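Have a look at the structure below, then the notes.
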Amino acid sequence: MVGSETVRALKGVTFSVQKGEFLTIMGASGSGKSTLLNILGCLDKPTHGQYFLDEVPVAELSKNELARLRNLKIGFVFQSFNLLSRTSALENTELPLLYNPKISSKERRERAMAALEAVGLANRMDHTPSQLSGGQQQRVAIARALVNDPVMILADEATGNLDTRTTFDIMALFQDLNRRGKTIVFVTHEPDIATLSTRTVTLRDGIIIKDAVNENPLSAIEILHSLPINDNEN
């Protein structure tokens, strides 16, 4: 509500995300991206309509059930990394597993190590965020998102704080994860990022104005190799 007026952040939005897709959601500020992101991430429930995540009707779940679904089914990657500053990369990666009583400390450690290896940080596991570059911190955040083997990775402007070279380095990692079968939904306002995905949904004033399949996504690793090598790493 704004005063006596009801503002609808999303209006009649209908779309599906298929397993194995790399979907970007684009739109200017105020287009409804944040609201849609919160719904996809099971942080908010829609006031009307239905959202099914892995065939589960989200609207029918309690707060505790929603929290469990988020932890088991969704991996979050944020623009600001959201790492614990005094905690090692390995311990940061373990965090989502702490909420699963079925996983032993030994398995938790093994899964976190495997996730860090998957993002190329096998030799940085004991480093704290202050000992890592911006790109490395984001890789830790991606490892943390992977550690529960989610059905979907939800990235919110995940390259917004990174320089150009590091951005394409991280996008190359997302593309590699997607090739290995991970479903990725990447919220962005940057057209360059959308060219790297397999499909783009564009929002304006809470409405989907375009839903386009990208038959020939660009390769982030090829773009990275074409960039000048004197850029400073973030």
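Please treat every number below as a calculation from the coordinates, not as lab data. This is a predicted model, so every value here is computed, not measured. Every residue, glycine as well, gets a Cβ built from its backbone with ideal geometry; the counts of neighbours run over all protein chains shown.
With an 8 Å Cα cut-off and a minimum separation of 6 or more residues, compute the relative contact order for segment 1-91 in percent. Present the calculation step by step, with values, prior to reporting the outcome.
Working: 37 pairs, mean separation 14.9, N = 91.
Rounded, it is 16 percent for segment 1-91.
Taking the charge dipole of the chain about its Cα centre, with +1 at Lys and Arg Cβ atoms and -1 at Asp and Glu Cβ atoms, the residue from Ala155, Leu40, Ile193 reaching farthest to the positive side is Leu40.
Its Cα centre serving as origin, the chain has a Cβ charge dipole (Lys and Arg +1, Asp and Glu -1) of approximately 620 debye. Note on Lys102: aspartates and glutamates with a C-alpha under 20 Å away, same-chain residues under 8 apart excluded, are Glu65, Glu91, Glu94, Glu110, Asp149. I'd like the distance separating the alpha-carbon centroids of segment 172-234 and segment 122-159, in whole Å. Spelled out, the Cα-based centre of one part sits 18 Å from the other.
Where Lys and Arg each count +1 and Asp and Glu each count -1, what net charge lies around Glu55 among other residues with Cβ under 13 Å from its Cβ?
0
Residues considered: Ser80, Ser62, Ser219. Largest GNM mean-square fluctuation over the chain, using C-alpha springs under 10 Å, is found at Ser62.
Lys and Arg at +1, Asp and Glu at -1: add these up for the other residues within a Cβ distance under 12 Å of Ala145 and post the number.
+3
Take every Cα pair under 8 Å in segment 132-215 that's 6+ residues apart, average their separations, divide by the length, and report that relative contact order as a whole percent. Intermediate values should be presented prior to the final figure.
On the way: 73 pairs, mean separation 21.1, N = 84.
The value is 25 percent.
For segment 1-138, the orientation-averaged shadow of the C-alpha convex hull comes to 11.3 nm² (one quarter of the hull surface).
For segment 135-197, what is the convex hull (Cα atoms) projected area averaged across all directions, in square nanometres? Present the calculation step by step, with values, prior to reporting the outcome.
Working: hull surface 15.6 nm².
With every direction weighted equally, the projected area is 3.9 nm².
Listed by chain and number, the lysines whose alpha-carbon sits under 21 Å from that of Lys210, ignoring those within fewer than 8 places in the same chain, are Lys11, Lys19, Lys33.
In segment 22-226, Rg over Rh equals 0.96, where Rg is the alpha-carbon radius of gyration and Rh the Kirkwood radius from pairwise Cα distances.
Over all directions, how big on average is the projection of the convex hull of the alpha-carbon atoms in segment 57-101, in square nanometres? The partial results should precede the final answer.
Numbers: hull surface 17.0 nm².
Mean shadow area of the hull around the Cα atoms is 4.2 nm².
Close amide H partners of Gly206, meaning residues 5 or more places away or on another chain with modelled amide H under 5 Å apart, are Gly32.
Pairs of Cα atoms under 8 Å, at least six residues apart: use those to get the relative contact order of the chain, whole percent. Over the chain, the number comes to 31 percent.
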